[in-house]
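Undergrad: Quick one: the structure is below, questions incoming.
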Amino acid sequence: MFEKKIADKIREIRKERGLTLARLAADINLSAPLLSRIENNRISPPIATLAKIAAGLDVPIGVFFQEEDFAQSYAVTTKEGRRPVVRRGTTIGFTYHSLTGLKRPHAIEPFIIKYPLTKKEPGILFDHQGEEFLFVLEGQIDLVYGKEKIRLKEGDAIHFDPSVPHRGQNAGEAESTCLVVVVNSPPLKGYS
């Protein structure tokens with residue numbers, strides 16, 4: 001049900017902007033059939049793809065996860081209240097939980113991401129505009145960043161340019177958990 005709301009919001013904003021599927025897809029370097037499958041809730045896009053769509057629509061990525069009340073100026077997210085953003089079953093199997101319930105537009109998107117054990121190294125890389133910060137809470141991961149592989153252990157952090165193709169992957173013997181903060185770019189209207 002949550003994925004359907006995201007799909008509907010993407011379509012709604014795209015139409016409000018007067019963009020065709022083909023135009024938006026070309027602007028963000030995705031195929032029109034893929035964008036159509038996302039809008040029709042046939043596939044659940046990973047966060048990197050949602051970030052690209054948000055940038056192409058000139059909206060913060062959080063707009064896909066929020067309700068319509070924008071009056072709120074703060075948001076508390078309890079551990080039990082974290083909302084899953086992308087569920088298991090994506091091509092790599094990451095699970096994302098949003099750490100913000102802020103309803104007004106905002107420049108950052110904080111998530112807890114769980115990286116499952118992997119037997120085979122995934123081949124897919126993600127890229128999007130903005131900035132990204134990753135902090136390893138539990139376990140260890142390898143951040144594939146362009147042609148580099150950077151090992152990060154519990155307590156390590158990395159701040160990087162996510163326009164370079166990248167992905168995190170578990171590098172340990174147990175599931176790894178990271179705090180990831182995506183900063184939307186270009187700067188949002190009303191922010192400086």
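Undergrad: Could you list all residues from segment 15-32 that are without any contact (Cβ under 8 Å) to a residue 24 or more places away in the chain and of a type outside the set (Asp, Glu)?
TA: Hits for segment 15-32 are Lys15, Gly18, Thr20, Leu21, Ala22, Arg23, Ala25, Ala26, Asn29, Leu30, Ser31, Ala32.
Undergrad: Quick one: which of Leu99, Leu137 is more than 28 Å from Ala25 (Cα to Cα), modelled with pLDDT under 85 and in contact with a strand residue (DSSP E or B) (Cβ under 8 Å, 6 or more places away or on another chain)?
TA: Residue meeting the stated conditions: Leu99.
Undergrad: Search segment 109-123 for residues that are in contact (Cβ under 8 Å) with a residue 12 or more places away in the chain and in the same structural domain as Val136 (by TED's automatic domain parsing) and pair each with any residue that is assigned to a loop (DSSP other than H, G, I, E, B) and hydroxyl-bearing (Ser, Thr, Tyr) when their beta-carbon atoms are under 8 Å apart and the residues are at least 6 apart or on different chains.
TA: Short answer, once both residue conditions are applied: Glu109/Thr100; Pro110/Thr100; Pro122/Thr91.
Undergrad: Now for a separate question. List every residue pair whose Cβ atoms lie under 6 Å apart, where the two residues are 6 or more positions apart in sequence or sit on different chains, the first residue falls within segment 36-56 and is under 19 Å from Leu125 (Cβ atoms) and not assigned by TED's automatic domain parsing to the domain that holds Ala7, and the second residue, located anywhere, is surrounded by fewer than 19 Cβ atoms within 10 Å (Cβ to Cβ) and modelled with pLDDT of 90 or more.
TA: Correct list of pairs: empty, since none qualify.
Undergrad: Hey, another quick one. List the pairs whose first member sits in segment 80-98 and is surrounded by fewer than 16 Cβ atoms within 10 Å (Cβ to Cβ), whose second member is modelled with pLDDT of 75 or more and among the aliphatic types (A, V, I, L, M), and whose Cβ atoms are under 6 Å apart, counting only residues at least 6 apart or on separate chains?
TA: Going by the 6 Å Cβ cut-off, the qualifying pairs are Thr91/Ile124.
Undergrad: Give the residues of segment 8-38 that are in contact with a Pro (Cβ under 9 Å, 6 or more places away or on another chain) and of a type in the set (Gly, Ala, Ser), sorted by residue number.
TA: Correct list: Ala25 only.
Undergrad: Follow-up question, since we're still on this one. Filter segment 1-35 down to residues that are of a type in the set (Gly, Ala, Ser) and buried (at least 16 other Cβ atoms within 10 Å of the Cβ) and give me whichever is farthest from the chain's Cα centre (by Cα).
TA: If we take residues in segment 1-35 being of a type in the set (Gly, Ala, Ser) and buried (at least 16 other Cβ atoms within 10 Å of the Cβ), then Ala25 is farthest from the chain's Cα centre (by Cα).
Undergrad: Also, quick follow-up: For segment 134-148, how many residues meet the condition of being in a loop (DSSP other than H, G, I, E, B) and touching a residue at least 24 places away in the same chain (Cβ under 8 Å)?
TA: 1
The values are calculated or read from the model by the stated rules, or taken from the named source; none is laboratory data. This structure is a prediction, so every number in the text was calculated from the model and none was measured. Because the Cβ atoms are built from the backbone with ideal geometry, glycine has one as well, and the counts that use them run over all protein chains shown.
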